[in-house]
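S.K.: Got a structure here, written out as structure tokens. Questions coming.
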Amino acid sequence: MESEKKSSAVSDVGAWAMNVVSSVGIIMANKQLMSSRGYAFTFATTLTGFHFGVTALVGLVSNATGYSASKHVPLWELLWFSIVANMSITGMNFSLMLNSVGFYQISKLSMIPVVCVMEWILHNKHYTREVKMSVVVVVVGVGVCTVTDVKVNAKGFICACVAVLSTSLQQISIGSLQKKYSIGSFELLSKTAPIQAISLLVLGPFVDYYLSGNIILDYKRSIGAILFILLSCSLAVFCNVSQYLCIGRFSAVSFQVLGHMKTVCVLTLGWLLFDSELTFKNIMGMIIAIIGMVIYSWAVEVAKQSNNKITPHSKNSLTEEEIRLLKEGVENTPLKDIELGGSKG
């Protein structure tokens with residue numbers, strides 16, 4: 001039992017480490033690919049289509065070689081999920097284009113309370129006071145180190161709302177679909193990735209033209225740009241898989257809270273690799289955010305331990321109704337079908 005717990009803990013850490021490393025890596029790769037000082041590839045939505053295309057290809061190869069098994073999920077649920085996921089991607093791109101960086105960061109921070117409220121409404125999930133306090137600390141810390149100017153306009157506000165709601169719903173749905181159909185994270189991803197890839201590759205160039213005014217067919221390709229696109233797609237496979245793994249193992253709220261560790265890593269690496277400015281305000285915000293994440297991890301562990309103490313006690317005693325049903329079941333079962341207290345199947 002103890003070894004199983006240790007193995008589970010190692011798997012959790014591995015999934016989370018994969019998500020942090022791949023997410024930070026893809027941000028660094030995309031920064032070089034998209035920046036004017038790099039390769040000026042300004043087609044973010046189409047690039048996301050490439051990401052899901054490669055992920056879908058990996059899923060098909062995995063299923064064909066028997067590494068993973070394909071389980072049935074209704075097509076309408078896959079289509080609905082893909083629409084929500086694509087709304088999240090497009091909404092985020094439009095929000096970044098129409099809003100100031102400060103308001104964009106605030107909208108991303110608002111996902112934590114939005115996910116909490118959605119899980120409360122959809123799944124009747126409640127949170128302890130300690131968890132709520134730690135979430136506030138994380139939001140304040142990340143807000144201090146990332147939020148600068150805050151300018152709001154009507155179109156940008158609507159896009160931000162769509163992005164936040166769709167992203168939060170997508171992350172909750174990942175966990176719900178995995179539990180509902182007893183499907184693994186990679187199997188679910190391999191089913192949704194082809195739909196997202198096709199839709200994003202069809203609509204992506206039009207969205208990117210609206211966002212940047214550039215046509216992808218006019219882009220001057222180079223070996224360096226192609227290599228970075230391939231690197232970005234490779235990292236995206238690990239990023240997508242680890243996201244599904246993390247939400248399947250933890251929860252959408254935990255994914256959001258601990259996900260801000262990536263923000264801290266990106267700021268630090270930006271300072272180390274790209275000469276980005278790192279002020280005293282940034283450093284203080286990162287420290288507060290890290291403290292909040294530590295408190296959150298502690299609060300979640302305390303809540304788990306208290307639930308584990310309550311659950312065994314409640315299962316030790318049967319209600320009168322359960323006893324009555326058990327007696328009726330034994331009395332109504334033919335004697336020849338009962339063997340050692342169990343019924344023959």
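The values are calculated or read from the model by the stated rules, or taken from the named source; none is laboratory data. All values reported here derive from a predicted model rather than from experimental measurement. Positions of Cβ are generated from backbone atoms using ideal geometry, with glycine treated the same way; all protein chains shown enter the neighbour counts. All accessible areas refer to the heavy atoms of the entire protein, side chains included, with ligands and DNA or RNA removed. Shrake-Rupley method; radii C 1.70, N 1.55, O 1.52, S 1.80 Å.
S.K.: Condition test on LEU78, is it surrounded by fewer than 18 Cβ atoms within 10 Å (Cβ to Cβ), among the aliphatic types (A, V, I, L, M) and either in a helix (DSSP H, G or I) or in contact with a Pro (Cβ under 7 Å, 6 or more places away or on another chain) (or both)?
M.R.: Yes, satisfied.
S.K.: Criterion first (within 21 Å of VAL162 (Cβ to Cβ), out of contact with any Leu (no Cβ under 9 Å at 6 or more places or on another chain), surrounded by fewer than 21 Cβ atoms within 10 Å (Cβ to Cβ) and modelled with pLDDT under 80) does SER100 satisfy it?
M.R.: Here the answer is yes, as SER100 does meet what is asked.
S.K.: When the range 176-202 is examined, which residues are found to be open to solvent by 10 Å² or more (accessible area, probe 1.4 Å), under 15 Å from LEU245 (Cβ atoms) and among the small types (Gly, Ala, Ser)?
M.R.: GLY184, SER185, SER190
S.K.: Shifting gears a bit: Only residues in the range 226-244 that are at positive phi count as the first member; pair them with residues that are open to solvent by 30 Å² or more (accessible area, probe 1.4 Å) and of a type in the set (A, V, I, L, M), Cβ under 9 angstrom, at least 6 apart or cross-chain, and list the lot.
M.R.: none
S.K.: Considering (1) open to solvent by 40 Å² or more (accessible area, probe 1.4 Å); (2) touching a Leu at 6+ places or on another chain (Cβ under 7 Å); (3) farther than 24 Å from ASP208 by Cα, say which one LYS71 fails and leave the rest.
M.R.: Evaluating LYS71 over (1) open to solvent by 40 Å² or more (accessible area, probe 1.4 Å); (2) touching a Leu at 6+ places or on another chain (Cβ under 7 Å); (3) farther than 24 Å from ASP208 by Cα leaves (2) as the failure.
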